[in-house]
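What follows is a set of notes on a single structure, which appears directly below.
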Amino acid sequence: MSEFVLEMRDVCKSFPGVKALDHAQLKLRPGKVHALMGENGAGKSTLMKCMFGIYTMDEGEIYIDGEKTAIRDPLDAWDKGISMVHQELQPIPARTIGENIFLGRYPMKKALGFIPIVDHDKMYEETAKLLERVHMNFDPRQKLGTLTVSQMQSVEIAKAVAGNCRVLILDEPTSSLTQNEVEALFRIVEDLKKENVAVVYISHKMDEILRISDEVTIMRDGQYIGTWDARDLTTDFIITKMVGRELTNLYPKRENVPGDVVFEVEDFTSINPRSFRHVSFNLRKGEILGVAGLVGAQRTELMEGLFGTRSHTSGTIKYQGRELHIRRPKDAIDQGIAMLTEDRRGSGIMGVLSVADNISIASLNKYVDHGFVLNTKKINDLVEENRQKMNIKTPSGKTLIKSLSGGNQQKVLIGRWLANNPDVLILDEPTRGIDVGAKYEIYCIIADLAKQGKSIIMISSEMGELIGMSDRIMVMCDGRMTGVIDGKDANQENIMALATQFE
Amino acid sequence: MNSNNKDSFGKKFLAYVKANPIVVMLVIVAIIVGITKDNFFSWKNFGNLMSNTAIRFLIALGVSGCLITKGTDLSAGRQAGLAACLSGILIQRGDYASRLTKLPEMNMFLVLLIVVAIGACLGLLNGVIITKLKVPPFITTLGTQTIVYGLCLVATDAQPIGGFQKSYIELITGRIGDTNGFHLPYLLFVAALFGAFFWFLYNKMRHGKYMYAIGGNEVAAEVSGVNTTKTLMLIYTTAGIMYAIAGWLLAGKTGASPPPAVSAPSAACSSACSCSSC
């Protein structure tokens, strides 16, 4: 018997034009949480997909209990005790919890002795047991769509630990969870450890990694950098290893000087009574206004209201003293307002289109000759200009945007808005799901825009980011604005106090 | 050395087959039909195939916009059918015995304008239902398909229409060259002209970029300031116009307008578009 339940050695995997894995390795001990860290594009997900049989390795070996083996496909992986909770959940909301858990491997029985049918009673009975295991008190016959995102995630974990699960892969499990939900997840992970399951934990959140994991493996550019005992590690050390260089500052020095008030919102109220109401605030020229709040504080909804993707009943928006009437995004864009949306995949990128198409879509009117012919050269110049200015890593403008990493996609979207030369930029979670190095680059871009005199509203759920980047921070709670704090005086405590000021 | 070259050619050929299964299937079908039917590989049949394909191509151009924006248009064939029937009714000779209308004999291009106007209205109707009433394109066009087919039956009394003006038939079935030798039907040029126009529209104009953007991610397009409502309405209206033009040509090509037969192109055109977009 080996001390490792699963071992991957010298794994190589190439995709056209990229060497995604270059002699990567990973060794998992039973009953331990093993964190896998690295920037986006470091090869974490690719390595996991090789382990789970979604990809076939070009080179390399997998050992289970010290014996060499091969994993053909996900079903094979499942049989060998490996399960995975994917970063993007793919639930079927219209079906019950039980059906989601047993999808594809329904327990069967014979009706009339020979007709194979699904044994629903057995299925729901087992589902109930599994739900209990992940501390969920739900009716297995309840529709999955009635659960919250975190509850769905627990269901996914229940699904993953059904059967003889020995290795569980959690790929960014907490990216859409609130603090309480994270605690619940950690309790489940602790339970699994006691059952001797080896957990692979992929996350960008340092505090979580340092809390939950026993061992940490760091990867960079598809290569194995090293494995350390989590107790010996510090955030700085991990970042240095991940990025491959010293990151002296998490945030760039800001040189912007806020000027006069240019943008004013008064008594802004949604048509939905439970959404934002009576919000008033102002924004100065060249200022970065952070917007803090808990999940559900209606920050995104407020910004979408200002930008015209959501309706409002009352309230006025003034820009340089002029009242704006915004009914749809185009009205806002015409007035020099831009909005980088929170859900990059859902309302940002057009995945199947090229970088050039994505970057030019909001400003096509500027690239038209004789009133109707698009000037391809000008569009290519735009791509090239942005590529150099923001260091966008893309082979060419013709590359499909979905093949870029999150950070580079985000830069393309920022470029899309800058092409319109807006005066007011609303950035909703601009660094969500982006790795440390690219985050810093995006902070630099934001700081530079403010220095150029653009007014910026930045929603963020990361306290550090808000405190480090904002001139002022507006705090919201439950649809209301509960206060504005000067950036210099802001700290975690006074922001949280305002963010939890429920009526 | 020689065998090496051969290998790489074999590999390239296999790669081509894998990437273009539809083209390969088409070639196989052509070969089989050519062997079993002795007049398949003749100039006469070539011309015939060209003019048939040309009309379907026009309908397919109309459908393509709907498909690019992740919609569909099931009413395509029926709309072309209605245009064919109306063209037939209006283009009948003034001295034809069983005329369906009491209107005076009309210029065929005036008739084209009329059916195009009607096609545009029907397309706009689809567009309005889809964008303003938020009915999915599949349901919308399934409904309008039935309505259009009903109109078609009422207009023609469910009878085939004949007795067209001679000049009309001659123009549409006209060709460069001799029927029995190598010749190119006029319809082929019409199709090429529209094909070029649509290529330009889709690749070189804002409208085309907006279409692909809507197809790629409708929400993101709207957020980026694309007027998705206007773009979609324009797409369905353009589609209606294309069906009308195809219908006007179809009636002249067949020399008669048989209402039930004209639904066939619909499926063919949708699949033509889907296949080429794969």
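The values are calculated or read from the model by the stated rules, or taken from the named source; none is laboratory data. Quick caveat, the model's predicted, so the values are computed rather than measured. Neighbour counts are summed over all protein chains in view; Cβ atoms, including those assigned to glycine, are modelled from backbone coordinates with ideal geometry. Keep in mind that these areas ignore ligands, DNA and RNA; they rest on the heavy atoms of the full protein, side chains included. Shrake-Rupley method; radii C 1.70, N 1.55, O 1.52, S 1.80 Å.
Of these, B:188, B:201, which one is within 26 Å of residue A:362 (Cα to Cα), of a type outside the set (Gly, Ala, Ser) and buried (at least 17 other Cβ atoms within 10 Å of the Cβ)? Full working, then the answer.
On the way: B:188 fails: within 26 Å of residue A:362 (Cα to Cα).
None of the other options fit; the residue is B:201.
For segment A:476-490, the criterion of being within 26 Å of residue A:346 (Cα to Cα), in a helix (DSSP H, G or I) and of a type outside the set (Asp, Glu) is met by no residue.
In segment A:390-405, which residues are surrounded by fewer than 18 Cβ atoms within 10 Å (Cβ to Cβ) and not in a loop (DSSP other than H, G, I, E, B)? Within segment A:390-405, A:400, A:402, A:403 qualify. Filtering segment A:358-367 to residues that are at pLDDT 90 or above and more than 9 Å from chain B (Cβ to nearest Cβ) leaves only A:359. Going by the conditions given, is residue A:387 open to solvent by less than 10 Å² (accessible area, probe 1.4 Å) and farther than 24 Å from residue A:46 by Cα? For residue A:387, the condition - open to solvent by less than 10 Å² (accessible area, probe 1.4 Å) and farther than 24 Å from residue A:46 by Cα - is not met. So which residues in segment B:13-63 are over 20 Å from residue B:177 (Cβ atoms), small (Gly, Ala, Ser) and without any contact (Cβ under 8 Å) to a residue 40 or more places away in the chain, if there are any at all? Listed by number, the residues that qualify are B:15, B:19, B:30, B:34. Which residues, counting only those in segment A:125-141, are surrounded by 15 or more Cβ atoms within 10 Å (Cβ to Cβ) and touching a strand residue (DSSP E or B) at 6+ places or on another chain (Cβ under 8 Å)? Passing the criteria: only A:140.
Among the residues of segment B:22-53, those identified as open to solvent by 100 Å² or more (accessible area, probe 1.4 Å) and within 23 Å of residue B:249 (Cβ to Cβ) are B:43, B:44.
Residue under question is residue A:19, and the condition is that it be within 16 Å of residue A:405 (Cβ to Cβ) and open to solvent by less than 60 Å² (accessible area, probe 1.4 Å); does it hold?
No: the conditions fail for residue A:19.
For segment A:368-384, the criterion of being open to solvent by 10 Å² or more (accessible area, probe 1.4 Å), more than 13 Å from every other protein chain (Cβ to nearest Cβ) and under 30 Å from residue A:236 (Cβ atoms) is met by none of the residues.
Scanning segment B:71-106 for residues that are of a type in the set (Gly, Ala, Ser), more than 18 Å from residue B:135 (Cβ to Cβ) and surrounded by 24 or more Cβ atoms within 10 Å (Cβ to Cβ) yields B:77, B:80, B:81, B:83, B:84, B:87, B:88. Residues that are open to solvent by less than 10 Å² (accessible area, probe 1.4 Å), more than 21 Å from residue B:226 (Cβ to Cβ) and of a type in the set (Gly, Ala, Ser) within segment A:278-312 comprise A:286, A:290, A:292, A:297, listed in sequence order.
Out of all the residues in segment A:29-85, which are over 23 Å from residue A:188 (Cβ atoms) and either polar (S, T, N, Q) or in contact with a Pro (Cβ under 7 Å, 6 or more places away or on another chain) (or both)? Correct list: A:40, A:46, A:53, A:54, A:56, A:69. Among residues that are surrounded by fewer than 21 Cβ atoms within 10 Å (Cβ to Cβ), part of a loop (DSSP other than H, G, I, E, B) and not charged (D, E, K, R), residue A:430 is not included.
Here residue A:409 fulfils each of the conditions (1) closer than 16 Å to residue B:220 by Cβ; (2) open to solvent by less than 10 Å² (accessible area, probe 1.4 Å); (3) within 13 Å of chain B (Cβ to nearest Cβ) apart from (2).
When residue B:68 is tested against (1) among the β-branched types (Val, Ile, Thr); (2) free of Cβ contacts under 8 Å to residues at least 40 places away in the same chain; (3) open to solvent by 30 Å² or more (accessible area, probe 1.4 Å), just one condition goes unmet, and that condition is (2). Of the helices (runs of 4 or more DSSP H) entirely within segment B:148-263, those holding at least 3 residues that are more than 14 Å from chain A (Cβ to nearest Cβ) and of a type outside the set (A, V, I, L, M, F, W, C) occupy B:166-172, B:228-254.
The helices (runs of 4 or more DSSP H) found entirely in segment A:49-144 that carry 1 or more residues being within 16 Å of residue A:169 (Cα to Cα) and of a type outside the set (Ser, Thr, Tyr) are A:74-79.
Restricting segment A:347-357 to residues that are open to solvent by less than 10 Å² (accessible area, probe 1.4 Å) and touching a strand residue (DSSP E or B) at 6+ places or on another chain (Cβ under 9 Å), the residue that is farthest from the other protein chains (Cβ to nearest Cβ) is A:355.
Can you tell me which of B:59, B:55 is of a type in the set (Val, Ile, Thr) and either touching a Gly at 6+ places or on another chain (Cβ under 8 Å) or in a loop (DSSP other than H, G, I, E, B) (or both)?
Details: B:55 fails: either touching a Gly at 6+ places or on another chain (Cβ under 8 Å) or in a loop (DSSP other than H, G, I, E, B) (or both).
The match here is B:59.
Considering only residues in segment A:158-188 that are among the hydrophobic types (A, V, I, L, M, F, W, C) and touching a strand residue (DSSP E or B) at 6+ places or on another chain (Cβ under 6 Å), the one that is most open to solvent (accessible area, probe 1.4 Å) turns out to be A:165.
Within this structure, residue A:275 fails the test of being within 14 Å of another protein chain (Cβ to nearest Cβ) and in contact (Cβ under 8 Å) with a residue 12 or more places away in the chain. Selection of segment A:413-451 for residues being more than 25 Å from residue A:293 (Cβ to Cβ) and within 14 Å of chain B (Cβ to nearest Cβ) yields A:415, A:416, A:418, A:419, A:420, A:421.
At pLDDT 85 or above and among the small types (Gly, Ala, Ser): which single residue out of B:256, B:246 fits that description?
Details: B:256 fails: at pLDDT 85 or above.
After ruling out the rest, the residue left standing is B:246.
Every test in (1) open to solvent by 90 Å² or more (accessible area, probe 1.4 Å); (2) within 16 Å of residue B:252 (Cα to Cα); (3) modelled with pLDDT under 90 is passed by residue B:164 save one, and that test is (1).
Which count do you get for residues in segment A:311-346 that are closer than 25 Å to residue A:364 by Cβ and either among the polar types (S, T, N, Q) or within 14 Å of another protein chain (Cβ to nearest Cβ) (or both)? Please lay out each step first, then the result.
Step one: of segment A:311-346, the residues closer than 25 Å to residue A:364 by Cβ are A:319, A:324-346.
Within this subset, residues satisfying the condition of being either among the polar types (S, T, N, Q) or within 14 Å of another protein chain (Cβ to nearest Cβ) (or both) are A:326-346.
Adding up the residues that qualify gives 21.
Test residue B:156 against the criterion of being touching a strand residue (DSSP E or B) at 6+ places or on another chain (Cβ under 8 Å), closer than 17 Å to residue B:58 by Cα and surrounded by 13 or more Cβ atoms within 10 Å (Cβ to Cβ), and give yes or no. No, not satisfied.
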